[in-house]
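Here is the structure we will look at.
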Amino acid sequence: MLNNGKEGIMVFEPAYLKAAKGDTIKFVPTDPAHDVSSVVIPKSAKAFSAPSNKPLTIKVSEEGVYVYECKAHLPMAMVGVIQVGNPTNLKEAQDRAKELAKTFAMNKDRLDKYLMQVK
């Protein structure tokens with residue numbers, strides 16, 4: 001969770017991650033004032049959330065697409081995507097991305113770009 005990264009301001013790095021079922025993912029608030037919460041998760045997966053300035057470790061136990069956000073910086077499109085195995089819920093993630101993009105004041109296509117990497 002960074003204020004400035006390779007893809008601009010207010011980013012998760014990496015913002016798109018392909019993981020295997022059972023992998024552990026760690027969210028680290030490198031810069032202050034960032035939180036993380038799941039927005040879209042596969043069926044049977046557990047929602048996740050961590051308050052501002054707190055690291056979070058999750059185990060991705062279900063195949064599909066996980067979309068997450070930093071609520072504090074959502075208007076700047078601080079979002080990310082994890083793909084675990086087959087993208088079983090890709091349509092749901094794409095539909096939700098359209099709704100989320102309406103709340104973005106900048107980087108309106110950022111989430112779409114990340115979802116285009118899902119194969």
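Only the coordinates and a few stated rules stand behind these numbers; no lab work does. Bear in mind that the values here come from a model prediction, so they are computed numbers and not experimental data. Counting neighbours? That spans all protein chains shown, and the Cβs are built from the backbone with ideal geometry, glycine included.
The set of residues in the stretch 103-119 being hydrophobic (A, V, I, L, M, F, W, C) and either in a helix (DSSP H, G or I) or touching a residue at least 12 places away in the same chain (Cβ under 8 Å) (or both) consists of PHE104, ALA105, MET106, LEU111, LEU115, VAL118. Restricted to the stretch 45-86, and to residues there that are within 14 Å of ASP112 (Cα to Cα) and in a loop (DSSP other than H, G, I, E, B), the residue that is nearest to the chain's Cα centre (by Cα) is MET78.
Counting only residues that are in contact (Cβ under 8 Å) with a residue 24 or more places away in the chain and assigned to a loop (DSSP other than H, G, I, E, B), which one in the stretch 24-33 is surrounded by the most Cβ atoms within 10 Å (Cβ to Cβ)?
Of the residues in the stretch 24-33, the ones in contact (Cβ under 8 Å) with a residue 24 or more places away in the chain are 24-31, 33.
Among the residues that remain, those that are also assigned to a loop (DSSP other than H, G, I, E, B) are: 28-31, 33.
Values: VAL28: 15, PRO29: 19, THR30: 12, ASP31: 13, ALA33: 13.
Filtering the stretch 24-33 for residues that are in contact (Cβ under 8 Å) with a residue 24 or more places away in the chain and assigned to a loop (DSSP other than H, G, I, E, B), the one surrounded by the most Cβ atoms within 10 Å (Cβ to Cβ) comes out as PRO29.
Within the stretch 86-109, no residue satisfies the criterion of being farther than 22 Å from LYS18 by Cα, surrounded by 17 or more Cβ atoms within 10 Å (Cβ to Cβ) and either among the aliphatic types (A, V, I, L, M) or touching a Ser or Thr at 6+ places or on another chain (Cβ under 8 Å) (or both). Total residues in the stretch 1-16 satisfying the condition of being in a loop (DSSP other than H, G, I, E, B) and out of contact with any Phe, Trp or Tyr (no Cβ under 8 Å at 6 or more places or on another chain): the figure is 4.
Specify the residue that is farthest from LEU74 (Cα to Cα); the eligible residues are those in the stretch 1-27 that are under 15 Å from the mean Cα position of the chain (by Cα) and basic (Lys, Arg). Ranking the qualifying residues of the stretch 1-27, first place goes to LYS18.
Results for (1) under 21 Å from LYS108 (Cβ atoms); (2) β-branched (Val, Ile, Thr); (3) in contact (Cβ under 8 Å) with a residue 24 or more places away in the chain; (4) crowded, with 20+ Cβ neighbours inside 10 Å, shown as yes or no for each residue.
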| site | (1), (2), (3), (4) |
| --- | --- |
| LYS6 | yes, no, no, no |
| GLY22 | no, no, yes, no |
| ASP35 | no, no, yes, yes |
| PRO51 | no, no, no, no |
